[in-house]
């Protein structure tokens, strides 16, 4: 083993991260605070940001999401996705966690912890139905998960999103409560809006990332592409993330800051939900001996949610000032810092529970440049 590769293996994981990555929680908290402050201090800012939309989502948020997603998808080694689709343990586990366990768990937590708040309860159930297609790629990458597996699972979730979202909404808001003798909620979901959301927030950056990777490798070769191109475009994923957070919280800053107790009530089931789903994914992945990288991907794809779709559906169905919309907005308010914390939990768990697995200490596809603070 060369000296450079030994340095990579032995160095503490967090020291391999760039300054931007290492202090990510600080930047995210600052972005949240800035967004809330701007939303409170600048009259008409929210209306201005929300004036132009793609589907039901504000154009600035859409731009931020596209910038955030593109670099991550440009890192994916698309010619290796075949090994992911051939791993039935991973695919079946992900489908069960995302489309059976996740929605059922959120339904149970919403009714147990918000029995007297039907609007917030409905909003949380909608969040539980909107499975991950966006930010999970960021968290998975920071935790050194399997990029190719994450891309495939996100694509599968996107297809299921279009097919299953409306049906599951009908089941969890009307059918299941009726069976249990609980109050029901009528809601109409626009399949068209869901399709647009998936095509815009996954399709466009996926195509751009695929073309960048394919053409870049063809011209430069894999080694030069990963050592020269990826370090240049990589930081833009976090720039896009921070910009999205600022805009999102600027849009909803007034609602969040004027109803702190309601936010706290909504936050509790979300905290429990994220912790349980991530833990289930991690435990299941380890039990199935998937290895650290795939286990981490399973955990994050189970815990992450498509908050932009949940907010768009809640606003489109119940109105921008509705309790359902507020519950949707509180989703990323809690999800972002919690999943950032889970990145560090995953890195710790990798060293603790996967001591012989090189991917538990070395980022997937990393090069010697990681010792200089550059993630490939």
Elements of type helices (runs of 4 or more DSSP H) contained in the range 83-188, each with 2 or more residues being modelled with pLDDT of 90 or more:
88-96, 102-113, 118-129, 176-179
Right, residue 95: in contact (Cβ under 8 Å) with a residue 60 or more places away in the chain, buried (at least 24 other Cβ atoms within 10 Å of the Cβ), in contact with a helix residue (DSSP H, G or I) (Cβ under 9 Å, 6 or more places away or on another chain) and at negative phi or not?
no
Exactly one condition in (1) part of a helix (DSSP H, G or I); (2) touching a helix residue (DSSP H, G or I) at 6+ places or on another chain (Cβ under 9 Å); (3) surrounded by fewer than 18 Cβ atoms within 10 Å (Cβ to Cβ) is false for residue 51; which is it?
(1)
Just to be sure before I move on: is residue 260 more than 17 Å from the chain's Cα centre (by Cα) and closer than 30 Å to residue 352 by Cα in the structure I sent?
no
Out of curiosity, is residue 287 modelled with pLDDT under 90, more than 17 Å from the chain's Cα centre (by Cα) and either surrounded by fewer than 24 Cβ atoms within 10 Å (Cβ to Cβ) or over 28 Å from residue 211 (Cβ atoms) (or both)?
no
Here is a check on your reading of the model: is residue 62 more than 15 Å from residue 153 (Cβ to Cβ), in contact (Cβ under 8 Å) with a residue 12 or more places away in the chain, buried (at least 18 other Cβ atoms within 10 Å of the Cβ) and out of contact with any strand residue (DSSP E or B) (no Cβ under 9 Å at 6 or more places or on another chain)?
no
I'm trying to understand the selection: among the residues of the range 189-224, which are farther than 19 Å from residue 150 by Cα and modelled with pLDDT of 90 or more?
215, 216, 217, 218, 219, 220, 221, 224
Filtered residues of the range 18-48 (kept if buried (at least 17 other Cβ atoms within 10 Å of the Cβ), at pLDDT below 75 and more than 20 Å from the chain's Cα centre (by Cα))
18, 46
Take the residues in the range 324-357 that are loosely packed, with under 15 Cβ neighbours inside 10 Å and out of contact with any helix residue (DSSP H, G or I) (no Cβ under 7 Å at 6 or more places or on another chain), then tell me which one is modelled with the lowest pLDDT.
356
Residue check: is residue 312 modelled with pLDDT under 85, more than 16 Å from residue 106 (Cα to Cα), part of a helix (DSSP H, G or I) and over 13 Å from the mean Cα position of the chain (by Cα)?
yes
When you check residue 117 against the structure, is it out of contact with any strand residue (DSSP E or B) (no Cβ under 7 Å at 6 or more places or on another chain), surrounded by fewer than 24 Cβ atoms within 10 Å (Cβ to Cβ) and under 30 Å from residue 261 (Cβ atoms), yes or no?
yes
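The values are calculated or read from the model by the stated rules, or taken from the named source; none is laboratory data. Quantities reported herein were computed from a predicted structural model and do not represent experimental measurements. As a convention, Cβ positions derive from the backbone with ideal geometry for all residues, glycine included, and neighbour counts pool all protein chains shown.
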